[in-house]
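First the structure, which I've put down as structure tokens, then a few questions once you've had a look.
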Amino acid sequence: MQLSFAPLEGITGYRFRNAHARWFGAADRYFTPFLTPNQTYKFTSREKNDVLPENNTGLTVIPQLLTNNAEHCLWALDVLKKQGYDEVNLNFGCPSGTVVVKGKGAGMLADPDTLDRFLDAVCTGFPGKISVKTRLGLQSSDEFPRILDIYNRYPLSEVIIHARVQKDFYTGKPDWDAFRQALAVCRHPVCYNGDLFTVADYQRFCQAFPDVQRVMLGRGWIANPDLGNQIRGKAMLDKTRLRGFHDELYAAYREGLSGETPVLFKMKELWFYQHWLFTDSDRPLKKIRKAKRLRDYEAAVDEMFGHALLPEAGYQPVR
């Protein structure tokens with residue numbers, strides 16, 4: 001099974017990827033948080049740094065683009081190809097309202113004709129590999145057959161299906177029936193994405209879809225950075241590696257970010273997911289969230305690591 005690490009804005013940048021690979025072994029593929037090419041024909045400093053080859057040495061990284069403008073997209077594809085990237089992913093799945101209202105992300109699925117024209121221009125104008133990450137539609141999975149018919153017209157390297165519609169955001173259960181129907185007619189390699197938070201979740205999926213050979217893990221792999229190894233039966237999470245990962249990432253943020261507040265913001269985002277790994281984590285998590293100085297944060301983290309790890313722990317979404 002090919003295991004891909006899903007992008008999550010604000011968390012899975014190059015510092016996270018490098019620390020994760022060093023302490024837990026690299027994912028088969030890491031997808032970057034989306035880059036947003038626009039009329040300036042420039043990437044932001046953050047975007048530039050995230051895809052610099054020297055910041056991703058030894059990792060298989062696939063940049064993801066969020067745009068609905070073919071000209072802007074082709075400019076970005078050319079820049080990335082010159083940097084050595086042989087595959088780029090197009091984001092047709094982001095459910096954020098501020099993204100969708102601009103006709104980007106999952107908003108691209110609202111008008112299949114526009115989606116068709118966009119893919120025609122991009123696939124015609126770029127000789128490299130292009131994959132897509134998609135939702136099943138905006139309101140209903142009944143929209144997906146028409147969308148998938150469009151994907152089938154183009155030489156895509158992969159279709160990553162998050163088995164929800166835009167209006168679901170990340171609530172409810174993924175629609176495995178709709179995914180099964182799509183799997184039967186998609187002409188491209190298919191990667192599944194959606195709520196594989198634990199080894200047990202992964203095993204249930206494999207029992208239901210024994211022929212699928214690609215999955216993308218996101219929130220579950222952030223919450224338990226050893227999840228890939230556990231899926232492959234290689235290891236069980238231990239506090240030594242988890243603490244080493246935390247400390248390396250924390251040090252990288254302290255070195256690369258200006259001031260205490262941005263560092264605290266980044267680390268608090270991480271603990272939103274990783275506190276699920278510990279017994280009785282509510283009290284230290286509250287202290288982490290309230291910390292306004294790094295010394296207070298460090299004391300709260302020490303307290304968290306004084307608690308035991310939970311067996312079979314994983315991310316627990318609010319339903």
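The values are calculated or read from the model by the stated rules, or taken from the named source; none is laboratory data. This structure is a prediction, so every number in the text was calculated from the model and none was measured. Reconstructed Cβ throughout: ideal geometry from the backbone, glycine too, with neighbour counts over all protein chains shown. Only protein heavy atoms, including side chains, enter the accessible area calculation; ligands, DNA and RNA are left aside. Shrake-Rupley method; radii C 1.70, N 1.55, O 1.52, S 1.80 Å.
Would you indicate which of (i) 6, 26, 33, 25, 9, 1; (ii) 5, 23, 32, 24, 11, 3, 0; (iii) 5, 19, 20, 10, 8, 8, 8, 8, 7, 4, 2, 1 is the value of P(r) over Cα pairs in 10 Å bins from 0, in percent derived from the coordinates of this structure?
(i)
What percent of all Cα-Cα pairs in region 30-75 falls into each 10 Å bin, going from 0 up to the bin containing the maximum distance?
27, 53, 19, 1
With θ set to phi - 60°, apply the Karplus curve 6.51 cos²θ - 1.76 cosθ + 1.60 along region 207-212 and write out the HN-Hα couplings as whole Hz, x wherever there is a Gly or Pro.
5, 6, 9, x, 8, 6
Over the chain, what is the mean sequence separation of C-alpha contacts under 8 Å (at least six apart), divided by residue count, expressed as relative contact order in percent? Please list the in-between numbers first.
Working: 519 pairs, mean separation 48.4, N = 319.
Contact order relative to length: 15 percent.
Roughly speaking, to the nearest percent, how much of the chain's 1.4 Å accessible area is carbon and sulfur? Don't jump to the answer; show the numbers that get you there.
On the way: 7260 of 14370 Å².
Result for the chain: 51 percent of the exposed heavy-atom area is carbon or sulfur.
Normalising by the residue count of region 4-151, find the relative contact order in percent from Cα pairs under 8 Å and 6+ residues apart. Write out the running numbers ahead of the final one.
Numbers: 217 pairs, mean separation 28.0, N = 148.
About 19 percent, as a whole number.
Residues with beta-carbon under 15 Å from that of residue 233, excluding residue 233: net charge, scoring Lys, Arg +1 and Asp, Glu -1?
It works out to a net charge of 0.
Starting from the amide H of residue 64, placed 1.01 Å from N in the peptide plane, find each other amide H under 5 Å away whose residue is 5 or more places distant or on another chain.
32, 35, 89
Could I ask something else about it? Helix-derived [θ] at 222 nm for the chain: sum -39500 (n - 2.57) over DSSP H runs of at least 4, divide by residue count, nearest 500? Before the final figure, lay out each step's value.
Values: 14 runs with 141 residues, N = 319.
Here the helix-only value at 222 nm equals -13000 deg cm²/dmol.
A follow-up question, please. Tell me, what HN-Hα J-couplings in whole Hz come from the Karplus equation 6.51 cos²θ - 1.76 cosθ + 1.60 at θ = phi - 60° for each residue of region 72-87, using x for Gly and Pro?
With coefficients 6.51, -1.76 and 1.60, one gets 4, 5, 5, 4, 5, 4, 5, 4, 5, 4, 5, 7, x, 7, 9, 8 Hz.
Rolling a 1.4 Å sphere over the protein heavy atoms, what is the accessible area per residue of region 207-314, to the nearest Å²? Write down the numbers at each step before the final one.
Details: 5390 Å² over 108 residues.
Each residue of region 207-314 exposes 50 Å² on average to a 1.4 Å probe.
Compute the accessible area per residue over region 110-204, keeping the other protein chains in place, probe 1.4 Å, unit Å².
On the way: 4240 Å² over 95 residues.
With all protein chains present, region 110-204 gives 45 Å² per residue.
A follow-up question, please. If you stretched the chain out fully between residue 102 and residue 295, how much longer would it get, using 0.36 nm times the residue separation minus the C-alpha to C-alpha distance? Don't jump to the answer; show the numbers that get you there.
On the way: separation 193, 0.36 × 193 = 69.48 nm, distance 4.14 nm.
Additional length available on full extension: 65.3 nm.
Provide the per-residue ³J(HN,Hα) series for region 161-175, in order, calculated from phi with Karplus coefficients 6.51, -1.76, 1.60 and θ = phi - 60°, each as a whole number of Hz, with x at glycine and proline positions.
These are the phi-based 3J(HN,Hα) values: 10, 7, 7, 9, 9, 4, 5, 6, 6, 10, 9, x, 9, x, 8 Hz.
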